[in-house]
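S.K.: Sharing a structure, written as structure tokens. Questions coming.
The values are calculated or read from the model by the stated rules, or taken from the named source; none is laboratory data. As the structure is a computational prediction, the values presented were derived from the model and not from experiment. Because the Cβ atoms are built from the backbone with ideal geometry, glycine has one as well, and the counts that use them run over all protein chains shown. Keep in mind that these areas ignore ligands, DNA and RNA; they rest on the heavy atoms of the full protein, side chains included. Shrake-Rupley method; radii C 1.70, N 1.55, O 1.52, S 1.80 Å.
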Amino acid sequence: MDEKIRRAARILREARHAIAFTGAGISVESGVPAFRGAQGLWTKYDPKVLEIHYFLENGEECWPSIKEIFYDHFGKAEPNAAHRALARMEQADRLKCVVTQNIDNLHQRAGSRAVYEFHGNSSRLLCLRCGAVVAAGQVDWNDLPPRCPGDRSILKPDFVFFGEAIPAPAAEGAFENADRSDVCLVIGSTGEVTPAAYVPIRAKAKGACIIEVNPEESRFTAEVTDIFLQGKAGEVLRAIERELFGD
Ligand code: APR
């Protein structure tokens, strides 16, 4: 493993345009549960509460689960060593951007600036009728469902539900960077959700070296990964950081 870490660090040190692609796994050590796998959220909750058509018809029924999943868990989470390592790499110009499927804001809170949020962000809620935007911090979570202060419609979190389109600026930025990349670090994703999973696949097609960090193999491992660093994101990224920066 040490040799593989050294190899990955060497490739990142020499990279011209390295990018990172992150999934729920990078936030597991921050206390945010992943969606899939034995402890995954979808073993406890029904994903239909995040299907856009179901939500539009049954918002009141969906909100208690949405609050539990995204606003109780995420509210307490802090960035971990993996988020911090990526932010440091960006500051040192070793990483151009992070493309994340996560909506927990932890990359930005760790200091990353170029972040493409493929699935939006949970810190804002939207009124689909009048377009009002409400900060999650201003919501009275004891009074569900949250409603628009203007027209009293049920608010929707400003993240992408199943069946919704990816925000165009995030998708365009992500694929543009994938096209230009020569290294793509893939951290903590099963690769089961498209179109997000096409980001590393596109990078690979354009010739990038794919370095994957995950305690378990994913869909990427056999298909696109060049160097598989088996382990937890915080530990592996900290080891790479030490190789790159000497501390
Ligand atoms: N470090 C790194 N990876 C980890 C860790 C850890 N400590 N713990 C778990 N993992 C890995 C798991 O092995 C798994 O491969 O993280 C991955 C989590 O997978 P998913 O829960 O499927 O997360 P993700 O790929 O981000 O899901 C994609 O699905 O439900 C939707 O919109 C949601 O953005 C999400 C999308």
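S.K.: Among DSSP beta bridges lying fully in the stretch 57-176, give the percent that are antiparallel, nearest 5. List each step's numbers first, then the result.
M.R.: On the way: 7 of 10 bridges.
Around 70 percent of the beta bridges assigned by DSSP in the stretch 57-176 are antiparallel ones.
S.K.: Write down the Kirkwood hydrodynamic radius of the chain, to one decimal in angstroms, obtained as one divided by the mean of 1/r over all alpha carbon pairs.
M.R.: Values: mean 1/r = 0.0538 Å⁻¹.
About 18.6 Å for the chain.
S.K.: Given a 1.4 Å probe and every protein chain left where it sits, what share in percent of the accessible area of the chain is carbon and sulfur?
M.R.: On the way: 5330 of 11580 Å².
With neighbouring chains kept in place, the figure for the chain is 46 percent.
S.K.: Where does each of L244, L144, L12 land when they are ordered by accessible area, with a 1.4 Å probe and the largest first? Kindly include the intermediate steps, with their values, before the conclusion.
M.R.: Details: L244 30, L144 55, L12 0 Å².
Sorted by accessible area, descending: L144, L244, L12.
S.K.: Could you list the square roots of 5 times each eigenvalue of the Cα gyration tensor of the stretch 104-147, that is, the equivalent ellipsoid semi-axes, sorted largest first and rounded to whole Å?
M.R.: Working: eigenvalues 115, 36, 12 Å².
The equivalent ellipsoid of the stretch 104-147 has semi-axes of 24, 13, 8 Å.
S.K.: Next question, about the same structure. Compute a Gaussian network model of the chain, connecting alpha carbons closer than 10 Å, and tell me which residue from A114, A81, A132 fluctuates the most.
M.R.: Largest GNM mean-square fluctuation: A132.
S.K.: Using Cα springs under 10 Å in a Gaussian network model of the chain, which residue among G23, G234, G31 shows the largest mean-square fluctuation?
M.R.: Comparing G23, G234, G31 in a Gaussian network model of the chain, the most mobile one is G31.
S.K.: May I ask you to derive the FRET efficiency for D179 and E14 from their Cβ-Cβ distance with R0 = 25 Å, giving the value to the nearest 0.05?
M.R.: On the way: r = 20 Å, r/R0 = 0.78.
Approximately 0.80, to the nearest 0.05.
S.K.: Listed highest first by mean packing, meaning other Cβ atoms within 10 Å per residue, what order do 99-111, 117-129 come in? Walk me through the numbers on the way to the answer.
M.R.: Values: 99-111: 22.5, 117-129: 19.4.
Sorting 99-111, 117-129 by mean packing, highest first, produces 99-111, 117-129.
S.K.: Under a plain spin-label model, where a point goes 7 Å from the Cα along Cα-to-Cβ, how far apart in nm are R152 and E60?
M.R.: With each label placed 7 Å out from Cα toward Cβ, I get 1.2 nm.
S.K.: Let me ask another. Using only C-alpha positions, report the orientation-averaged shadow area of the convex hull of the stretch 18-143, nm², one decimal. Please report the intermediate quantities before stating the final value.
M.R.: Numbers: hull surface 34.1 nm².
Result: 8.5 nm².
S.K.: While we're here: Considering the alpha-carbon set of the stretch 191-247 alone, what are its Rg and its Dmax in angstrom?
M.R.: In order Rg, Dmax, the Cα atoms of the stretch 191-247 give 12.5, 37 Å.
S.K.: Once you've got the GNM for the chain with C-alpha springs shorter than 10 Å, pick whichever of I210, I166, I19 has the biggest mean-square fluctuation.
M.R.: Most flexible of the set in this elastic network: I166.
S.K.: For Y45 and A135, compute 0.36 nm times the residue count separating them, minus their Cα-Cα distance, and round to one decimal in nm.
M.R.: On the way: separation 90, 0.36 × 90 = 32.40 nm, distance 2.46 nm.
Taking 0.36 nm per residue and subtracting the Cα distance, the gain is 29.9 nm.
S.K.: Summarise the long-distance tail of P(r) for the stretch 1-81 by giving the % of C-alpha pairs beyond 20 Å.
M.R.: Numbers: 1738 of 3240 pairs.
More than 20 Å apart: 54 percent of the Cα pairs in the stretch 1-81.
S.K.: Follow-up. From Cα coordinates alone, what are the radius of gyration and Dmax values for the stretch 135-210 in angstrom?
M.R.: Radius of gyration, then largest Cα-Cα span, for the stretch 135-210: 17.8, 51 Å.
S.K.: Still on this structure, please answer the following. Kindly report the accessible area of the chain per residue (heavy atoms of protein chains, probe 1.4 Å, no ligands, DNA or RNA), in Å².
M.R.: For the chain, the per-residue accessible area is 47 Å².
S.K.: As an exercise, use a Förster radius of 35 Å and the Cβ-Cβ distance of H53 and E3 to find the FRET efficiency, rounded to the nearest 0.05.
M.R.: On the way: r = 50 Å, r/R0 = 1.43.
Calculated value: 0.10.
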